[in-house]
Amino acid sequence: MWQATEEVLAPIAIGAGILGTGGGGNPYIGQLRAREAIRRWGPVTVMAPEEVPEDARVVCVGGIGAPTVGIEKVRDLQSYHALRAIEDYTGERATALISNEIGGSNSVEVLIAAAQAGLPVVDADGMGRAFPEFQMKTFFVYGVPCCPMAIADEKGNSVIIRETITPHWAERLARATTIQMGCVACYAVAPMSAEQVRRTAVPNTLSLARDLGTAVQRARDEGEDTLSAILHTCPGRVLFSGKVVDLDRRTTAGFARGALSIEGLDAYSGQQMVIDFQNENLIARIDGEVVCTVPDLICAVASDLGEPVTTELMRYGLRVTILGFPAPELWTTPEGLEASGPAHFGYDTEYSPLKVQAG
Amino acid sequence: MFVGVDVGGTNTDAVLMDGNRLAGSVKLPTTADVTSGIVNAIAELLMQSPAAGIDAVMVGTTHFTNALLESRDLAPTAVVRLSLPATQLLPPLVDWPPELRAAIGGQPYMVGGGNEFDGREISSLDRQGLRLAVQEMRRQGIRAVAVCGVFSPVDPAHETEAEAIINEIAPEIRVCLSYENGRMGLLERENAATLNACLGDVAQRTITGIEEALKKLGINAPLFMSQNDGTLMDTEFAARFPVLTISSGPTNSMRGAAYLSGITDGIVVDVGGTSTDVGALVKGFPRESAVAVHLAGVRTNFRIPDMVSIALGGGTLVNAEPWQMGPESVGYRLAQEALVFGGDTLTTTDLAVAAGYADFGNRAMVAGLERELVTRGMADIRHRVETAVDQVKLSRADVPVVLVGGGSILLGDALVGASELLRPDNAGVANAIGAAIAQVGGQMERVYSLESGGREEAVADCSSGAIARAVTAGADPDTVEVVEVEEVPLTYLPSNATRVRVKAVGDLALSRPRP
């Protein structure tokens, strides 16, 4: 067990940015909110999945809405209200909370609700990275029902989605409710058991985000190589390094889609990488040949400082290094790949696991 | 004739422009009070050209923002956010440095009001709550207040009504509305309005001081201040939005470089004594940065030129073994410490003289430098500048590069990425020229629903608003043109809404009597 204090928020933001694989939005507001919540209610206890008591009731909370609205009507304490709403509906009290998504600014939502409710947080989440849609969570892939779920706004409104015929329907109904609520809502899903958490959650991801961020900060302070600090913390490999030469961006159906072109420098001189994205990075090719696909993680960091670079910050001339990390095992089974593999995003490319040398 | 003045950290530069001709220039040390440095420079300029008839004086200074950095002369300021029940976890001033917050006596208030993304009200404006807050402000001796409503750029009605209520109860309190101070981004826009509110008094005093000093010199021409985007503001506007001067220095330098070289689209490389600033020109104006700008530790979303600065200048230290160039520099002591001037410090300037790029000081002092060292140093300098140029470029294509600043002797005749390399005359006073040639601008930003009208109608409506604002600000109506149109589709809105921002600029109207 460890304590999530004000000091770990900056490293978590860096680590969650790396695990956000290009999506996840601006981390500033989320980090500031978590800081204020911890100042007001104290630090949050984080426990490993194996430390979760057998009789635990674990509620998954997360944010839903448009990041472009969230910078203006900044989120408040909706995640706590959603938690209370699902507790009232199910008649069960939560004994711990779990994050919906470690990648990007959603990673702090659970800390804010936990600080206010005085509950511990499980060191795990439903993605181990970032994905664009509500139903894309390992919990639901492995049979945890996504309903009933509660959605709450900052005004005191809450809605229960009692039952849907598929998880995708839950996403549609939640999205429509969120728009009416003013586009910055939070949700909470009916409690899971300890067994469900241990079987279906991606483990140890909050501490991984913290450790990644700490490694980057330390390397930066000591003038050492931030990229090797990252790879030393989380096994993966450098896929490419170069400068951004083109960004073809278009918004369709609420998602930022497009392709990013990077011209190789140094060891990659003369080569070109193209990355397709839909909020998150989906598929990376070097000179036309696929080198990494979802659900493996394709992460862009600034070549000098190791700072994660989200898709909206990409522009001509930026020096970036592209890192690849193997997907959590829960995503690489047949049912995991069906929900998250290249085919789910409309590619006919086969998923071929990223090979990483040991050590 | 126009007088342009640029107040830098070290020097105050002044130029006299007769139409397109540079009729005189002066470089004098900047003074602590700023005003006397400006007066000294203009007085000397007038001695050079006693017969000059002056039509306008344009001043670029970051003096107002220095008051922030030093936390002095700031007005006791309150902030009222119109948002409840939303946004309570992050009250106004939440992320300000404690010292600056204390220096403005920071009083945050939140009352009901504000809008949703689609224009619906979060709640109606809490007039009674606002009145109570204003009465408390009066008791506490508050002199200025920033008012910020959620989504006020979509609908400013709550902010303008709040202003009327404050004026009615407390006419002595200066009011800054956030929708006039920036774009989307609640905390950044609120911070910008608060900074302008607390600087209002010091800005007014400085401007009045300069105006009175000009009168003593016998100059009755109107005074204008340079702003971040390279256009002018009249003194009334400058007192309301003093923070818009924060980056007028680099902007004026780039505008002056564009003017002197005739290049409107390209890259400007300004090599000084300790650092080199590289920025992109688009249609004669600096390209603006899209990222958040921190000012005295406060996060804002002002637009400032998007520049890359590298620690390389004419005074940068060079060490042969082990090889190191910078980041330290001898700065203004170059004329004493460099080898060519009889000092004992090896600098980049010494390498340039040894390589034959420049010929000044005593060449013999660098004759003994190893050829290999000189070649290596010059190649390193060139490589660093080329990398910076590449970082600010918009695309792969080669573009014209304009070199200004005293340190530009460090560079040779060619750079990778440059289609041509220009070294205009009088580049040493490019910043003051940038101030003197500045035009008057107006901006308009609104959210349009494209369902009710077409895209062209929305842009036309916004353009006429921007043109009207430019004319009000002092532009000659015959010369005003639209220079920038930005359309951002708000993809999350069902009604196909788009935020349109238009900027128009025109020449300063001379014949028109000042309002």
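We did not get these values from a lab; they are worked out from the coordinates using the rules stated. Just so you know, these numbers come straight off a predicted model, no measurement behind them. For neighbour counting, all protein chains shown are included, and Cβ atoms are generated from backbone atoms with ideal geometry for every residue, glycine included.
Observations on the model:
- When each of the peptides A:262-275, B:260-273 is scored by the mean number of other C-beta atoms lying within 10 Å of its residues, the order from highest to lowest reads B:260-273, A:262-275.
- Charge dipole (debye, nearest 20) of region A:152-302; +1 at Cβ of Lys and Arg, -1 at Cβ of Asp and Glu: 600 debye
- Charge tally around residue A:269: other residues with Cβ under 15 Å, Lys/Arg +1 each, Asp/Glu -1 each, net -2.
- Computed over the Cα atoms of region A:235-345, the ratio of the radius of gyration to the Kirkwood radius (Rg/Rh) comes to 0.96.
- Gyration tensor (alpha-carbon) shape descriptor, the protein assembly as shown, a/c threshold 1.5: oblate
- Here the extension length gained between residue B:395 and residue B:236 equals 53.3 nm, from 0.36 nm per residue of separation less the Cα-Cα distance.
- Modelled spin labels at residue A:238 and residue A:10, positioned 7 Å past Cα toward Cβ, are 2.7 nm from each other.
- Residue B:321-residue B:120 pseudo-label distance in nm [points 7 Å out on the Cα-to-Cβ vector]: 7.6 nm
- 18 Å Cα-Cα threshold exceeded, pairs from A:137/A:355; A:243/B:283; A:73/A:155; A:243/A:355: A:137/A:355; A:243/B:283; A:243/A:355
- Across peptide A:70-80, the average count of Cβ atoms from other chains found within 10 Å of a residue's Cβ is 6.
- Chain B shape via C-alpha gyration tensor axes, a/c threshold 1.5: prolate
- Treating r as the C-beta distance of residue B:128 and residue B:472 and R0 as 35 Å, the FRET efficiency rounds to 0.50.
- Order by protection proxy (mean Cβ within 10 Å, highest first), peptides B:147-157, A:323-333, B:475-485: B:147-157, A:323-333, B:475-485
- A Förster radius of 22 Å combined with the Cβ-Cβ distance from residue B:217 to residue B:21 puts the calculated FRET efficiency at roughly 0.50.
- Only Lys, Arg, Asp and Glu carry charge here, each on its Cβ (+1 for the first two, -1 for the last two); on that basis the protein assembly as shown has a dipole of about 1200 debye about its Cα centre.
- Once the C-beta distance of residue A:304 and residue B:359 is scaled by a Förster radius of 41 Å, the resulting FRET efficiency is 0.65 to the nearest 0.05.
- Other residues lying with their Cβ under 15 Å from the Cβ of residue A:145 contribute a combined charge of 0, Lys and Arg counting +1, Asp and Glu -1.
- DSSP assigns beta bridges within chain B; of those with both partners inside it, close to 60 percent run antiparallel.
- A simple spin-label model places pseudo-atoms 7 Å from Cα toward Cβ; at residue A:357 and residue A:259 they are separated by 3.1 nm.
- Among beta bridges identified by DSSP and lying wholly in region A:2-203, the antiparallel ones come to about 70 percent.
- Sum of -39500 (n - 2.57) over DSSP H runs of 4+, divided by residues of chain B (222 nm, nearest 500): -10000 deg cm²/dmol
- Straight-distance candidates among the aspartates and glutamates for linking to residue B:393, with alpha-carbon spacing under 16 Å and chain neighbours fewer than 8 residues away dropped: A:246, A:263, B:265, B:270, B:277, B:288, B:306, B:420.
- Of all DSSP bridge pairs formed entirely within region B:77-197, close to 5 percent run antiparallel.
- Three-way shape call for region A:2-203 based on the alpha-carbon gyration tensor, with the a/c threshold at 1.5: rounded
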